[in-house]
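No lab work stands behind these numbers, since they all come straight from the coordinates. These numbers come from a predicted model, not from an experiment. Ideal geometry is used to build each Cβ from the backbone, glycine not excepted, and the neighbour counts take in all protein chains shown.
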């Protein structure tokens with residue numbers, strides 16, 4: 001498993017070594033030692049989450065106040081564009097974002113530490129997303145950043161070639177706050 005920092009260095013991409021032959025393939029999807037060495041974190045994952053979404057669904061940009069979650073995200077079926085926005089007050093990258101294509105085909109995983117808003121846009125017909133988190137879900141602490149906040153200016157890919165982003169959102173995600181309105185740690 002190869003770890004590489006993204007443009008915001010605290011967000012780490014993990015790319016597996018895939019062993020493939022006529023029977024299929026095998027790869028290590030998580031290794032605590034590699035994770036710890038790459039992130040400098042002894043994160044303890046307390047919950048695994050799974051979602052299935054249709055093309056055009058945008059989930060996010062979610063985070064928790066008081067009980068922040070670090071997330072280790074991977075796609076087991078389909079493809080998504082996965083995004084992390086730094087919302088750590090005082091950070092040199094506050095309000096900046098990074099995004100990566102995660103898919104069943106590339107097997108990549110993304111570490112998004114505490115202090116980031118997280119979301120993804122489904123690009124395939126459906127996508128199954130699995131992620132480990134460092135704290136439990138606490139709905140009373142959950143908050144949402146607008147996916148289309150002009151101050152953050154996330155460059156979402158087209159859902160279909162030559163089709164602008166017109167995502168399918170939950171009511172909660174439609175109510176997201178702008179960066180200037182965010183309630184943060």
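Could you tell me what fraction of 2.2 N^0.38 Å the Cα radius of gyration of the stretch 3-104 comes to, as a two-decimal ratio? It would help to have the intermediate numbers written out before the result.
Values: Rg = 15.2 Å, N = 102, 2.2 N^0.38 = 12.8 Å.
So the stretch 3-104 has a normalised radius of gyration of 1.19.
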Checklist entry - Expressed in nm to one decimal, what extension gain is obtained for the pair residue 50 and residue 66 from 0.36 nm per residue of sequence separation less their Cα-Cα distance? => result 3.4 nm
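Scale the Cα Rg of the stretch 2-181 by the rule-of-thumb value 2.2 N^0.38 Å and send over the ratio, two decimals. All intermediate terms of the calculation are to be shown ahead of the outcome.
On the way: Rg = 15.9 Å, N = 180, 2.2 N^0.38 = 15.8 Å.
With N residues counted in the stretch 2-181, Rg over 2.2 N^0.38 Å equals 1.00.
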Checklist entry - By count of other Cβ within 10 Å, fewest leading, how are 145, 2, 182, 110 ordered? => result 2, 182, 110, 145
Checklist entry - Is any residue of the stretch 126-141 close enough, with backbone N under 15 Å, to a label point placed 7 angstrom from the Cα of residue 183 along the Cα-Cβ axis, and if so, which? => result 138-141
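Using Cβ counts within 10 Å as a stand-in for footprinting exposure, how do 34, 152, 11, 46 rank, fewest first? Before the final figure, lay out the partial values.
Details: 34 14, 152 20, 11 25, 46 11.
With the fewest neighbours first, 34, 152, 11, 46 line up as 46, 34, 152, 11.
Is the shape of the stretch 100-185 rounded, prolate or oblate, going by the alpha carbon gyration tensor and its root eigenvalues a ≥ b ≥ c, with a/c under 1.5 for rounded and a/b larger than b/c for prolate? Each step should come with its number before you reach the end.
Working: a/c = 1.85, a/b = 1.19, b/c = 1.55.
Oblate, since a/c reaches 1.5 and b/c is not below a/b.
In deg cm²/dmol, rounded to 500, what helix-only [θ] at 222 nm does the chain give when every DSSP H run of at least 4 residues adds -39500 (n - 2.57) and the total is split over its residues?
On the way: 2 runs with 12 residues, N = 185.
Helices in the chain give a 222 nm mean residue ellipticity of -1500 deg cm²/dmol.
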Checklist outcome for this item: Expected sort for 63, 136, 131 with the fewest Cβ neighbours (10 Å cutoff) up front is 136, 131, 63
